[in-house]
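The values are calculated or read from the model by the stated rules, or taken from the named source; none is laboratory data. These figures come from a predicted structure and were not determined experimentally. Note that each Cβ is placed from the backbone with ideal geometry, even for glycine, and that neighbours are counted across all protein chains shown. The area values use the complete protein model at the heavy-atom level, side chains included, leaving out ligands, DNA and RNA. Shrake-Rupley method; radii C 1.70, N 1.55, O 1.52, S 1.80 Å.
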Amino acid sequence: MSHNTAKQVNENQCQQCMPLGGVIAFKGIENAMVLVHGSQGCSTYMRLVNVEHYNEPVDIASSSLNEKQTIYGGEANLKKAIDNVLRVYQPGVLGVVTTCLAETMGEDLDRIVADYRKERGETGIDIIPVPTPSYSGSQTEGFWAATRAIIARYARATEKHDRINVIVPHISPADIREIRRLLDLMGCAYTLIPDYSLTLDRPAGGKYQKIPLGGTRTEDIARMPGAPLTIQFGETCPDELSPGRWLEQQFNVPLVNLPLPTGVEATDRFLLALQEFTGRPLPEALALERGWLLDGMADAHKYNAEGRAAIYGEPELVYAVVRLCAENGIAPAVIASGTRTSRLAACLEPVIANLDERPELLEETDFATIEAASLRAAVNLAIGHSGGKFFTERHGIPVVRMGFPIHDRIGGQRILIVGYAGSLSFLDRLTNSLLEAKYATYRERIRHQMGITGGI
Ligand code: SF4
């Protein structure tokens, strides 16, 4: 696998900013609000990206730093912003994430929050500061850092119980719901974090609430150290950011780090881990779904063999999709992520060791680099978020959208790629995109090959 890392200047970046990942993690906590310490522009961008993707109102507060605070410090603004959030939203949890500006100014978030507590006394909320300078990472690092900080805030040494911990990466609300469904079918009690399956995908109806219902309960997070097991879908997450590793190191909770359950092998691994833990066999409903996936794979393999894919986005999703493609005969020709800190390359090595062709791996990369690599590799399919639309449109390459953000289609929050059923519907989308492109162009190709100038 040839392996290229960052260049000095990005052209059309392949990642979102670090506090944005922190915002999404906090949206998965019950009765939580999030405040971005920085300029209005940063929080406006984060609101916009989230609203376009989730098609929901996504409130994100800002300390609204301007030129004056940039020079003299943003402490007063941050304290006033916290006051305002308390008055308007009355959250139980307030995440405070920082922007490039606040970090460059050297704002001491811990000290400001500690002072705020001293000055205001008991406010009834937990304020959780998370430094998220975007020049140190992407939304992926921000998501893991915030999830870990949230767990570290609440986790307490507690009596042992039988509720397992399930830690998810930045996946869609539909994927979270599917993982919950699999856990329920296996008869597991669990605490899943962060759970934004309802908060960022609200059903219509009912009374509008400023902070939507749903999210992981803080009292459940507090009991995570007493769990018999943590299952974390985070093989690409480095140890220094890993919430599951933190629980293992601090409280000796055994960690089972798994790839996302996308494709037969990865879903089998997840469900086998649950079978071992519960001692229960695979339920008939899931055995049927597994059989349908295998049947669908057999139906599709002859078409997939023509696929050459560029797969890009956040490391854990890229890793899952590369595995699915390799399992189904689609060559992962270009593998790319804008994220800096991940174990993606190491995780991919055994997956691609047996492929006929070594893919090109691009990390901390941009779309100009992905475009050039895709042309060199003659890809005929792109799989990733909406950021890839510009280069694919230029070259007539179909994009199967998944990941974050999806801003040029609806339903980003409903894109499902996990479980046997989710893998099959996603695989059908990949195969059908190859077929659609094939049937849209084959007459032209035959005409060209035969030197025919009129229509066929
Ligand atoms: S300035 Fe930094 S924190 Fe603000 S939107 Fe840009 S990358 Fe994100």
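The table below lists the values:
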{"item": "Segment 292-344, residues that are under 25 Å from the mean Cα position of the chain (by Cα) and of a type in the set (Asp, Glu)", "result": "314, 316, 327"}
{"item": "Where a residue in segment 403-421 is assigned by TED's automatic domain parsing to the domain that holds residue 313 and its partner, wherever it lies, is open to solvent by 40 Å² or more (accessible area, probe 1.4 Å) and of a type in the set (Asp, Glu), with Cβ under 9 Å and at least six apart", "result": "405/52; 406/52; 407/52; 408/52; 412/52"}
{"item": "Set 81, 102, 61, 25: member being within 16 Å of the ligand (Cβ to nearest atom) and either closer than 30 Å to residue 350 by Cβ or not hydrophobic (A, V, I, L, M, F, W, C) (or both)", "result": "25"}
{"item": "All positions within segment 234-262 that are of a type in the set (A, V, I, L, M, F, W, C) and either in a loop (DSSP other than H, G, I, E, B) or over 17 Å from residue 276 (Cβ atoms) (or both)", "result": "237, 241, 246, 247, 251, 253, 260"}
{"item": "Exclusive hit being within 12 Å of the ligand (Cβ to nearest atom) and open to solvent by 10 Å² or more (accessible area, probe 1.4 Å), set 55, 10, 66, 31", "result": "10"}
{"item": "Residue in segment 211-222 that is of a type outside the set (Phe, Trp, Tyr), open to solvent by less than 10 Å² (accessible area, probe 1.4 Å) and in a helix (DSSP H, G or I) present", "result": "yes"}
{"item": "Filtered residue count, segment 114-136, keeping only those that are open to solvent by less than 10 Å² (accessible area, probe 1.4 Å) and under 20 Å from residue 169 (Cα atoms)", "result": "3"}
{"item": "Matching strands (runs of 3 or more DSSP E) fully within segment 307-413 where at least 1 residues are crowded, with 24+ Cβ neighbours inside 10 Å and on the phi < 0 side of the Ramachandran plot", "result": "308-312, 331-337, 360-363, 381-384"}
{"item": "Residue in segment 232-247 that is out of contact with any strand residue (DSSP E or B) (no Cβ under 8 Å at 6 or more places or on another chain), open to solvent by 50 Å² or more (accessible area, probe 1.4 Å), outside the structural domain of residue 326 (by TED's automatic domain parsing) and not β-branched (Val, Ile, Thr) present", "result": "yes"}
{"item": "Residue 74, sole failed condition from (1) near the ligand (Cβ under 10 Å from one of its atoms); (2) at pLDDT below 95; (3) open to solvent by less than 20 Å² (accessible area, probe 1.4 Å)", "result": "(1)"}
